[in-house]
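Report on the structure given below.
The values are calculated or read from the model by the stated rules, or taken from the named source; none is laboratory data. What you see is a predicted model, and the numbers here were worked out from it, not measured in a lab. Note that we place each Cβ from the backbone using ideal geometry, even for glycine, and neighbour counts take in every protein chain shown. Heads up: the accessible areas ignore ligands, DNA and RNA and are worked out on the full protein's heavy atoms, side chains in. Shrake-Rupley method; radii C 1.70, N 1.55, O 1.52, S 1.80 Å.
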Amino acid sequence: MGEEKHSNRMSDPQETQVSDQGQEPAVEPAASAVSMDQLLVESYSLPTVKAGDILDGTIVSITPTEITVDVGAKSEGIITGRELERLSPEVLSDLKVGDPVVTYVVRPEDKDGHIVLSLARAQQERDWREAERLFQTQQIFEATVTNYNRGGLVVRMGRLRGFVPASQLVSAPPSSGEESASAGPDAGASEQRWAKMVGQKLQLKVIEIDRRRNRLILSERLAMREWRKEQKERLLNELQRGDVRKGVVTSLQPFGAFVDLGGADGLIHLSELSWRRVSHPREVLQVGQEVEVYVLHVDRDKRRIGLSLRRLQPEPWSVVTEKYKVGQVVEGTITKLANFGAFARIDDGIEGLIHISELAKHRVNHPKEVVKEGDTLPMRIIRIDPARRRMGLSLKRVADEDYAEYDWQEAGEEIDEDADLADSEEA
């Protein structure tokens, strides 16, 4: 009887089925649950797009009428034929399968379930992103002036319009009148001023950006300040004493002239402008003039560059005997009076002395009886001493008969030179 119960319990099909069913569901439902969870997570992790979104994607396929783009959403995006017509042939020819692209969502879903995208609108987005990058890095870039208004200049940055206010410009031509936002002569002069800059390229920095207001403000002043700083560092490192450089005069001061060497200013001290005496730099130079200068010294600690103009010219007394001879009549300008005579300049860096006894044939108690500073008069050279840098001059001997033969010879040479010049011009 015990055996019968045992046999019945072991052979009970219902009990066996329960046991089998109890094992299999313990595995299969768990596996199915994990799979469904993963699918749900993946589904919810895919971005939900809406019109106006900017999506980064990858080109999957290109046909003459459509471009398919994977934007990482539930469905692929398409760029339709109508949208392709808005793109230039150059842009279209550059597009390749596998290329990354920035797209603009026109519609989240069309009738086939695809996201409708635009590349043309996304190009502007790329420009905004580039502008934001330039703003964050404060990198200098170049742009061309395309338009202007009374307040400043308009430049193009791809599909964006950037504005450079007048206060942020440094390369503008001089203003002929005070700038005014109101109509009138000054406003017209201001517009003419900016019109001259259309087509020019400017070095710029982004100083303000507001996409919502479509506002992009640029500065040439800040860009040039940084550019000049970099150029000055370069020049300070590479310049050596004795170098000869070209530059442009930027400023004249009572103590000398500043010259732009291409990003850094050097100073020509008053004493280095000329071999002759100079009271003010304007006697030798003018602002905007291009000059060749000699690098006198470079002080890297104080960040100063000393320049010279006169060092590129021969020292006048070293060649004085090549230009002048004893007995020659020259034109000189009285520069200074002293008890013993008058000094006269006959050339840059060459001054001679008219001793009081050489001022006139009669007795002279003081030079002011005969000459005054600034007088320009003919005078005769009676002595040259290059080693001591001295020249003796005379007023009373200009008409001296003792020099008549010399004067005839000098005049004859000049006549011969004039005749040779006339013959060459006729030929």
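The distance separating the Cα centre of region 208-223 from that of region 385-406 comes to 72 Å. Projected onto planes of every orientation and averaged, the convex hull of the alpha-carbon atoms in region 192-273 covers 8.6 nm².
Short to long, the 5 Å bins of the Cα pair-distance histogram for region 42-126 hold 3, 16, 29, 29, 15, 6, 2, 1 percent of all pairs.
Which entries in LYS196/LYS246; LYS205/LYS229; LYS246/LYS336; LYS246/LYS325; LYS323/LYS361; LYS50/LYS74 show an alpha-carbon gap greater than 24 Å? Pairs exceeding 24 Å: LYS196/LYS246; LYS246/LYS336; LYS246/LYS325; LYS323/LYS361.
Counting only protein chain heavy atoms and rolling a 1.4 Å probe, the accessible areas of HIS355, HIS280, HIS114 rank, largest first, as HIS355, HIS114, HIS280. In this Cβ point-charge picture (+1 for Lys and Arg, -1 for Asp and Glu), region 41-128 has a dipole of about 200 debye about its Cα centre. Annotation for region 109-148 versus region 328-379: alpha-carbon center distance of 77 Å. Taking all protein chains together and a 1.4 Å probe, the residues LYS196, LYS232 rank LYS196, LYS232 from largest to smallest accessible area. Please find the FRET efficiency linking GLU373 to GLU238, where r is the Cβ-Cβ separation and R0 is fixed at 56 Å, and quote it to the nearest 0.05. So, using R0 = 56 Å, E works out to roughly 0.75. The convex hull of the Cα atoms of region 221-313, projected and averaged over all directions, covers 5.9 nm². When LEU252, LEU160 are compared by accessible surface with a 1.4 Å probe, the order from highest to lowest is LEU252, LEU160. Identify, among VAL259, LEU218, LEU239, the residue whose Cα sits farthest towards the positive end of the charge dipole of region 198-269, taking +1 on the Cβ of Lys and Arg and -1 on the Cβ of Asp and Glu, with the dipole about the Cα centre. Working it through, the farthest residue towards the positive pole turns out to be LEU218.
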